[in-house]
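Visitor: Structure below; questions to follow.
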Amino acid sequence: MTPQQQKLWHKIQAFELDDPTSAMTFTDRLARENNWDTQYAVAAVTEYKKFMLLLCITSHPLTPSDQVDQVWHLHLLYTQLYWTDFCQNILGRQIHHGPTKGGSNETTKYTNWYNKTLSLYKDIFGVDAPKSIWPDDKIRFNGANFKRVNTNDYWIIKKPRL
């Protein structure tokens, strides 16, 4: 990491997503909405911050893991925190989130970008990205079918793998 990248990384690391005066902090909400324990949510936030650094230091598009994407989606909902406090004041630039248009060409493109992300991660941080948050591309792009479900009204029963 260059000295300039290190300076930015320290600023990103110090940025706090949790408002300690909130009854439900950002991390609490992230854990609840994704059915993660708090420790895993904290780890996902750290990986999100690393991803944001990577986006700032490369001109090539990158793709997050699903877990990092969940942190990003929630952060985007906190518009002041995301656009002003984080992008403008910490990163010094806007980072937009672009969804896929669907189809096999998009899958190929995002798989390529994901693998570039993992490669850059190793180059910058000196270690492989943790598999618990950054699985390989075959797991990342396995055609998951997510739905928002109110678990107060519905049971969720895991399907057996056949």
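Visitor: Output the peptides 102-108, 81-87, 42-48, 57-63 sorted from most to least packed, where packing is the average of other Cβ atoms within 10 Å over each peptide's residues.
Guide: 42-48, 81-87, 57-63, 102-108
Visitor: List nothing, just return the count: lysine pairs in the range 3-140, 8 or more apart or interchain, with Cα separation under 16 Å.
Guide: Count of close lysine pairs: 13.
Visitor: Around residue 89, what is the net charge, scoring Lys/Arg as +1 and Asp/Glu as -1 over all other residues with Cβ under 15 Å from its Cβ?
Guide: +2
Visitor: Of the listed values (1) 14.3, 41; (2) 16.6, 52; (3) 19.0, 62, identify the label whose number matches Rg and Dmax of the Cα atoms in Å calculated from this model.
Guide: Label of the calculated value: (2).
Visitor: DSSP H helices in the chain with Cα extent of 20 Å or more along the helix axis and mean Kyte-Doolittle hydropathy at least -0.5?
Guide: Answer set is 38-57.
Visitor: Compare 89, 112, 150 in a GNM of the chain, Cα atoms joined below 10 Å, and give the one with the largest fluctuation.
Guide: 150
Visitor: Excluding the sites themselves, what is the longest stretch of the chain that contains no trypsin sites (Lys or Arg not before Pro) in a DSSP loop with at most 11 other C-beta atoms within 10 Å?
Guide: 1-92
Visitor: Which residue, 55, 91, 77, tops the fluctuation ranking in a GNM of the chain built on C-alpha contacts under 10 Å?
Guide: 77
Visitor: Could I ask something else about it? Name the chymotrypsin sites (Phe, Trp or Tyr not before Pro) in the range 88-162 that are in a loop by DSSP and that have at most 11 other C-beta atoms within 10 Å, would you?
Guide: 146, 154, 155
A short reminder: the numbers here are calculations on the coordinates, not readings from a lab. Just so you know, these numbers come straight off a predicted model, no measurement behind them. With ideal geometry, Cβ positions are generated from the backbone for all residues, glycine too; neighbour counts draw on all protein chains shown.
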